[in-house]
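Here's the structure, in structure tokens; my notes come after.
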Ligand code: GLN
């Protein structure tokens with residue numbers, strides 16, 4: 001028998017896999033893992049088919065199909081006032097999570113520190129640790145989930161290599177404000193700190209709020225990797241395709257890592273997306289469509305003993321409870337097994353498993369699905 005030293009000794013199977021498997025086993029309504037249960041665009045599917053039938057089935061360019069990169073540059077420049085160069089600043093990746101991992105692997109050296117705000121998406125800390133670096137964890141202020149900027153300032157050291165931000169935020173639906181970006185700018189000014197910005201929910205933002213993309217700020221862009229996901233925007237999370245944007249100097253290093261990992265992404269999907277991305281309505285109408293779902297779910301949830309922690313973006317809304325002393329994890333498992341509804345414990349987004357008695361629900365579902373879930377949750381009363 002061979003043995004290896006685990007690079008991630010504290011890590012088990014991630015929460016989404018665990019909860020989705022449990023949901024399937026108990027035939028529960030799955031509001032846990034973040035994915036839509038409604039159909040994606042038939043037109044986009046047809047475009048992929050067409051590309052395959054036309055013979056676009058071989059490797060794409062390592063950085064991504066050039067027309068797609070050009071159109072991403074045009075879209076971002078129009079939306080965020082950036083000045084992107086498609087040749088040097090954009091790389092197509094197999095999903096947003098991969099883009100974030102590659103950005104970390106590009107910059108991190110042993111013993112570097114990365115400031116992370118908890119609760120955070122479950123891949124960030126393992127990504128940092130597998131690269132031999134250390135996550136410096138700061139808790140978002142419960143229950144508003146705002147960033148405590150004073151604490152950030154105190155935790156910056158000579159070893160701080162990066163700060164990772166995420167807006168709209170998974171799991172809480174919190175969104176960064178213009179003022180947050182000003183605070184971030186003050187902290188990084190005059191330092192070598194890199195920003196990794198997870199913006200996969202850029203178009204899923206509600207209540208008329210404007211997405212504070214790092215792409216809006218030319219100065220911050222010089223030190224940032226900004227990560228996006230087509231899966232979230234076009235309701236096809238299983239396609240695993242997204243992109244990373246950075247300045248030419250940073251992107252050059254990113255591509256050195258990327259080219260020896262996945263090398264290049266799925267060609268027919270890139271061809272299809274290069275055409276479909278021209279349809280502005282497909283992404284501009286997302287906020288109203290998903291906001292309607294959030295509001296519908298929120299209204300239904302009033303009949304249950306859960307209390308809403310309002311979300312302003314993403315697929316998710318968090319709900320706190322005080323009707324039981326059970327931990328979030330125990331309650332999430334019991335709800336699946338006994339009530340047939342699956343949610344995700346927010347403690348899974350903290351390295352030390354902090355438990356505020358909050359569950360995350362995914363509302364990116366058909367009305368019937370949301371109704372069915374809430375009908376079952378009402379029985380908790
Ligand atoms: N991003 C999705 C979520 O937060 C899940 C991704 C995954 O399963 N790894 O639920």
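Quick look at the numbers
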{"read-out": "Filter result (assigned to a helix (DSSP H, G or I) and in contact (Cβ under 8 Å) with a residue 12 or more places away in the chain) within the range 353-372", "value": "367, 369, 370, 371, 372"}
{"read-out": "Residue under evaluation residue 285, criteria (1) under 21 Å from the mean Cα position of the chain (by Cα); (2) away from the ligand (no atom under 16 Å from the Cβ); (3) buried (at least 20 other Cβ atoms within 10 Å of the Cβ), criterion not met", "value": "(3)"}
{"read-out": "Conditions (1) more than 16 Å from the ligand (Cβ to nearest atom); (2) in contact with a strand residue (DSSP E or B) (Cβ under 7 Å, 6 or more places away or on another chain); (3) under 30 Å from residue 73 (Cβ atoms); number of the one not met by residue 306", "value": "(3)"}
{"read-out": "Scope the range 313-339; condition away from the ligand (no atom under 16 Å from the Cβ), surrounded by fewer than 23 Cβ atoms within 10 Å (Cβ to Cβ) and part of a helix (DSSP H, G or I); matching residues", "value": "330, 331, 333, 334, 337, 338, 339"}
{"read-out": "Every residue from the range 11-30 that is part of a loop (DSSP other than H, G, I, E, B), more than 10 Å from the ligand (Cβ to nearest atom) and touching a residue at least 12 places away in the same chain (Cβ under 8 Å)", "value": "11, 26, 27, 28"}
{"read-out": "Failed item in (1) touching a residue at least 40 places away in the same chain (Cβ under 8 Å); (2) buried (at least 19 other Cβ atoms within 10 Å of the Cβ); (3) in contact with a helix residue (DSSP H, G or I) (Cβ under 7 Å, 6 or more places away or on another chain), with residue 216 passing the rest", "value": "(2)"}
{"read-out": "Checklist (1) modelled with pLDDT of 95 or more; (2) within 16 Å of the ligand (Cβ to nearest atom); (3) surrounded by fewer than 18 Cβ atoms within 10 Å (Cβ to Cβ) applied to residue 96, failing item", "value": "(3)"}
{"read-out": "Breaking point among (1) part of a loop (DSSP other than H, G, I, E, B); (2) more than 25 Å from residue 286 (Cβ to Cβ); (3) touching a helix residue (DSSP H, G or I) at 6+ places or on another chain (Cβ under 6 Å), for residue 157", "value": "(3)"}
{"read-out": "Meets criteria (more than 16 Å from the ligand (Cβ to nearest atom), at pLDDT 95 or above and either touching a helix residue (DSSP H, G or I) at 6+ places or on another chain (Cβ under 7 Å) or closer than 28 Å to residue 166 by Cα (or both)) for residue 345", "value": "no"}
{"read-out": "Residues located in the range 160-210, provided they are at positive phi and crowded, with 24+ Cβ neighbours inside 10 Å", "value": "173"}
{"read-out": "Any hit, the range 137-153, residues being within 21 Å of the chain's Cα centre (by Cα), within 16 Å of the ligand (Cβ to nearest atom), in a helix (DSSP H, G or I) and in contact (Cβ under 8 Å) with a residue 24 or more places away in the chain", "value": "no"}
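The rows are residues; the columns are (1) closer than 10 Å to residue 271 by Cα; (2) touching a strand residue (DSSP E or B) at 6+ places or on another chain (Cβ under 9 Å); (3) assigned to a helix (DSSP H, G or I); (4) at pLDDT 95 or above.
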| residue | (1), (2), (3), (4) |
| --- | --- |
| 40 | no, no, no, yes |
| 43 | no, no, yes, yes |
| 47 | yes, no, yes, yes |
| 55 | no, no, no, yes |
| 61 | no, yes, no, yes |
| 68 | yes, yes, yes, yes |
| 74 | no, no, yes, yes |
| 79 | no, no, yes, yes |
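The values are calculated or read from the model by the stated rules, or taken from the named source; none is laboratory data. Given the structure is predicted, the values throughout are model-derived calculations rather than measurements. When we count neighbours, we look across all protein chains shown, and the Cβ atoms used for this are built from the backbone with ideal geometry, even at glycine.
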